[in-house]
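Engineer: Quick one: the structure is below, and I'll ask about it shortly.
The values are calculated or read from the model by the stated rules, or taken from the named source; none is laboratory data. Model, not experiment: these values are computed from the prediction. In this analysis, Cβ positions are derived from the backbone assuming ideal geometry, glycine residues included, and neighbour counts consider all displayed protein chains.
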Amino acid sequence: MSDRDRKPESGTPDAIAPSGIALPDARLAAAIIAQSPDAIIFSGNDGIIRLWNARCEEIFGFTAAEAIGQSLDIIIPERLRAAHWRGFDQAIANGKTRLSGKPALTRAVDKAGGKLYVELAFGVVVDDKGVVVGALATARKADPGKLRPPGSGKPGSE
């Protein structure tokens, strides 16, 4: 039997790694988050960052130690914060995002205060009882050569 044909035994909370070594669900989830090609950010309902993976550090410049426990404001440009928090609060209250997980191009700021474009997808996280426990975002740095700010007609201009 090939590794592709392997399946966990019924009722087993482990996943079978290609090496045949079983990984407990929590360790596998942690490895996936840590090694994701996308930045993964989770905040509680209060907008305080609770999870920040390595790709976040590459994009935004903050280490996990610096970001965790801080407001999402550390990556939101000041002029966009009011709109962000209106949308965030509405998503938490409704249990769903306006774009239903579809990515959107938006502005962000990095640790040095530099401006950047990122492609962000947002989701609401609910527990096993259906209670909203926070918000999830995945991010990728946008290619500046392909950007077309509204009304400009010129890639990468602002």
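Engineer: What number goes with the only condition from (1) under 20 Å from residue 44 (Cβ atoms); (2) at pLDDT below 95 that residue 103 does not pass?
Structural biologist: Residue 103 satisfies all of (1) under 20 Å from residue 44 (Cβ atoms); (2) at pLDDT below 95 except (1).
Engineer: Within 13 Å of the chain's Cα centre (by Cα), surrounded by 15 or more Cβ atoms within 10 Å (Cβ to Cβ) and either within 26 Å of residue 143 (Cα to Cα) or modelled with pLDDT under 95 (or both): is that true of residue 76 in this structure?
Structural biologist: On the way: within 13 Å of the chain's Cα centre (by Cα): no; surrounded by 15 or more Cβ atoms within 10 Å (Cβ to Cβ): yes; either within 26 Å of residue 143 (Cα to Cα) or modelled with pLDDT under 95 (or both): yes.
No: the conditions fail for residue 76.
Engineer: Looking at the stretch 105-120 only, could you name the residues that are among the hydrophobic types (A, V, I, L, M, F, W, C) and surrounded by 12 or more Cβ atoms within 10 Å (Cβ to Cβ)?
Structural biologist: 105, 108, 109, 116, 118, 120
Engineer: With the requirement that a residue be under 14 Å from the mean Cα position of the chain (by Cα), under 17 Å from residue 123 (Cα atoms) and charged (D, E, K, R), what does the stretch 45-73 give you?
Structural biologist: 50 - this is the single residue of the stretch 45-73 that is under 14 Å from the mean Cα position of the chain (by Cα), under 17 Å from residue 123 (Cα atoms) and charged (D, E, K, R).
Engineer: A follow-up question, please. Of all residues in the stretch 56-67, how many are more than 17 Å from residue 35 (Cα to Cα), aliphatic (A, V, I, L, M) and surrounded by 15 or more Cβ atoms within 10 Å (Cβ to Cβ)?
Structural biologist: 1
Engineer: Does residue 42 satisfy being closer than 23 Å to residue 133 by Cβ, under 15 Å from the mean Cα position of the chain (by Cα) and either at pLDDT below 90 or in a loop (DSSP other than H, G, I, E, B) (or both)?
Structural biologist: Against the criterion (closer than 23 Å to residue 133 by Cβ, under 15 Å from the mean Cα position of the chain (by Cα) and either at pLDDT below 90 or in a loop (DSSP other than H, G, I, E, B) (or both)), residue 42 does not qualify.
Engineer: Also, quick follow-up: List every residue pair whose Cβ atoms sit under 6 Å apart, with the two residues 6 or more apart in sequence or on different chains, where the first one lies in the stretch 49-69 and is under 18 Å from residue 141 (Cα atoms) and the second, anywhere, is part of a strand (DSSP E or B) and of a type in the set (Lys, Arg).
Structural biologist: Hits for this filter: 59/141.
Engineer: Same structure again: Within the stretch 121-139, track down each residue that is without any contact (Cβ under 8 Å) to a residue 60 or more places away in the chain and small (Gly, Ala, Ser).
Structural biologist: Across the stretch 121-139, the qualifying residues are 121, 123, 130.
Engineer: Now for a separate question. So is residue 52 over 17 Å from residue 37 (Cα atoms), aromatic (Phe, Trp, Tyr) and either at pLDDT 95 or above or surrounded by 15 or more Cβ atoms within 10 Å (Cβ to Cβ) (or both) or not?
Structural biologist: When the stated conditions are applied, residue 52 does not pass them.
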